[in-house]
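No lab work stands behind these numbers, since they all come straight from the coordinates. Given the structure is predicted, the values throughout are model-derived calculations rather than measurements. Don't worry about glycine lacking a Cβ; one is built from the backbone with ideal geometry, like all the others, and counts go over all protein chains shown.
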Amino acid sequence: MGNIVKEVTKCVLKIGQDDPRRVIHSMKVGLAVTLVSLFYYFQSIYQDLGTTALWAVLTVVVVFEFSVGATFYKGLNRTIATLIGGALAVGLHSLATQSGHIGEPFLISIFVFLQASLSTYARFYPKIKARYDYGFLIFILTFSLISISGFRVEEIIDLARDRWATILIGVFGSLLVSILVFPVWAGEDLHNLIANNFDKLANSLDSM
């Protein structure tokens with residue numbers, strides 16, 4: 001048991017020693033989650049958003065990346081996908097309700113099947129896979145959750161609005177911490193990587 005503890009401790013310390021920014025990044029994520037979770041305790045905000053306020057915390061967990069650029073890109077994907085998915089779900093849900101209580105569940109099921117199938121198939125396209133894969137996943141999730149919620153049209157609109165608002169809170173909180181607290185820029189890492197590669201190339205040429 002003692003050897004296992006030593007090995008785990010050694011591994012944990014090595015991760016931080018290889019790149020101290022990993023320790024800072026971990027603390028930044030903790031800070032962002034804490035800041036965003038505070039919205040849950042404001043009574044006025046809780047009354048407006050309800051339990052959907054928890055989506056802000058989930059947003060921080062999934063969009064907070066190591067670099068500022070990656071966090072912004074993922075947050076933008078999530079925000080736009082949530083907006084489009086929610087708006088489309090509201091529109092099609094309104095259309096389905098016109099068919100009455102008998103036809104409504106069938107139409108909604110068809111809409112959910114079509115959007116999930118087409119969106120998943122689109123993710124196989126290389127350019128979409130490389131740049132918008134995460135956005136398509138969020139689009140499928142948002143559309144499906146709102147469509148099958150079973151609420152009236154007015155409540156569906158409120159649900160879509162609240163979900164988008166909480167996503168914005170989570171994305172904004174993530175970007176705020178990512179930019180203001182020891183920001184990490186991808187360009188700096190690329191510069192250091194190129195410099196290291198040139199050093200290795202020079203050393204290999206010297207040894208020839």
Handout entry: Proportion of all alpha-carbon pairs of the stretch 2-187 beyond 31 Å (%)
Key = 31
Problem - Footprinting exposure proxy for Lys10, Lys127, Lys74 (fewest neighbouring C-beta atoms within 10 Å first) - result: Lys127, Lys10, Lys74
Practice task
Please give the length that would be gained between Lys10 and Ser117 if that part of the chain were fully extended, namely 0.36 nm times their separation in residues minus their C-alpha to C-alpha distance (nm, one decimal).
Solution key: 33.9 nm
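Can you quote the Å³ per residue value for the convex hull of the Cα atoms in the stretch 96-188, rounded to an integer?
Measuring per residue, one finds 95 Å³ for the Cα hull of the stretch 96-188.
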Handout entry: Stretch gain in nm, segment Tyr40-Phe124, where the contour uses 0.36 nm per residue and the Cα spacing is subtracted
Key = 26.5 nm
Practice task
Would you please give the FRET efficiency between Asp19 and Ile148, computed as 1/(1 + (r/R0)^6) with r the Cβ-Cβ distance and R0 = 30 Å, to the nearest 0.05?
Solution key: 0.10
